[in-house]
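Below you will find the structure I want to go over with you.
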Ligand code: CO
């Protein structure tokens, strides 16, 4: 089921999510809905709090991006174990419709999480999948991509977003 995507400045996007203790029916349904919602919005990653559920769950599917390896992931309680290098990329966010900003992140990350069956997984992500992962992990920690910008860059991005929101409201 496609759910509504919460947009900034909704409070749920600013708070860290809770770890998942048990992967029950509700969590499984959440994961299905997150994929439905992400595909419907043509995104490549989604964090649970973006659909209003404050749990530490993310989904990723990079296959729509042609020059990236197709990778479909469900990560529960994800953590970064190691990170390496730096990469800059112009990111978008389903919770900031229309806005894109260049963010610097680690080029390579080693990640620990549980999969949808509750089994521990460890994987190394590099470049685009690493960027998507770090963007979604930030969401789960209550951090949005504009928070990764400093000073005037952050102000300009937020002003631009406000303007986009106003234009959208005017267009109905
Ligand atoms: Co986002």
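What follows is calculated from the coordinates using simple rules that are stated; it is not laboratory data. Just so we're clear, the structure is a prediction, and the values are computed from it rather than from any experiment. So basically every Cβ, Gly included, is an ideal-geometry build from the backbone, and we count neighbours across all protein chains shown.
Sort out which residues of region 120-136 are away from the ligand (no atom under 16 Å from the Cβ) and either part of a strand (DSSP E or B) or under 11 Å from the mean Cα position of the chain (by Cα) (or both), and write them in order of number.
120, 121, 122, 123, 124, 125, 126
Looking at residue 39 and the list (1) in contact (Cβ under 8 Å) with a residue 40 or more places away in the chain; (2) more than 13 Å from the chain's Cα centre (by Cα); (3) not in a loop (DSSP other than H, G, I, E, B), which single condition is not satisfied?
Unmet for residue 39, out of (1) in contact (Cβ under 8 Å) with a residue 40 or more places away in the chain; (2) more than 13 Å from the chain's Cα centre (by Cα); (3) not in a loop (DSSP other than H, G, I, E, B): (1).
Results for (1) within 15 Å of the ligand (Cβ to nearest atom); (2) touching a helix residue (DSSP H, G or I) at 6+ places or on another chain (Cβ under 8 Å), shown as yes or no for each residue.
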site: 59; (1), (2): yes, yes
site: 95; (1), (2): yes, yes
site: 109; (1), (2): no, yes
site: 118; (1), (2): no, no
site: 138; (1), (2): yes, yes
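Out of region 79-93, which residues are within 15 Å of the ligand (Cβ to nearest atom) and touching a helix residue (DSSP H, G or I) at 6+ places or on another chain (Cβ under 7 Å)?
Result: 89, 91, 93.
Please state which one of 81, 74 is over 28 Å from residue 159 (Cβ atoms), in contact with a strand residue (DSSP E or B) (Cβ under 8 Å, 6 or more places away or on another chain), without any contact (Cβ under 8 Å) to a residue 60 or more places away in the chain and loosely packed, with under 15 Cβ neighbours inside 10 Å.
Step by step, each of 81, 74 is checked, and only 81 is over 28 Å from residue 159 (Cβ atoms), in contact with a strand residue (DSSP E or B) (Cβ under 8 Å, 6 or more places away or on another chain), without any contact (Cβ under 8 Å) to a residue 60 or more places away in the chain and loosely packed, with under 15 Cβ neighbours inside 10 Å.
Okay, next question. Here are the criteria: (1) within 16 Å of the ligand (Cβ to nearest atom); (2) touching a residue at least 40 places away in the same chain (Cβ under 8 Å); (3) under 26 Å from residue 161 (Cβ atoms). Tell me which single one residue 68 does not satisfy.
The failed condition is (1).
Right, here's the next one. Of all residues in region 1-36, count the ones that are under 14 Å from residue 140 (Cα atoms), in contact (Cβ under 8 Å) with a residue 40 or more places away in the chain and in contact with a strand residue (DSSP E or B) (Cβ under 8 Å, 6 or more places away or on another chain).
Selection size over region 1-36: 3.
A follow-up question, please. Closer than 26 Å to residue 39 by Cβ and surrounded by 19 or more Cβ atoms within 10 Å (Cβ to Cβ): does that describe residue 117?
no
Does region 138-160 include one or more residues that are free of Cβ contacts under 8 Å to residues at least 40 places away in the same chain, touching a strand residue (DSSP E or B) at 6+ places or on another chain (Cβ under 8 Å), more than 17 Å from residue 14 (Cβ to Cβ) and surrounded by fewer than 19 Cβ atoms within 10 Å (Cβ to Cβ)?
For region 138-160, residues free of Cβ contacts under 8 Å to residues at least 40 places away in the same chain, touching a strand residue (DSSP E or B) at 6+ places or on another chain (Cβ under 8 Å), more than 17 Å from residue 14 (Cβ to Cβ) and surrounded by fewer than 19 Cβ atoms within 10 Å (Cβ to Cβ): absent.
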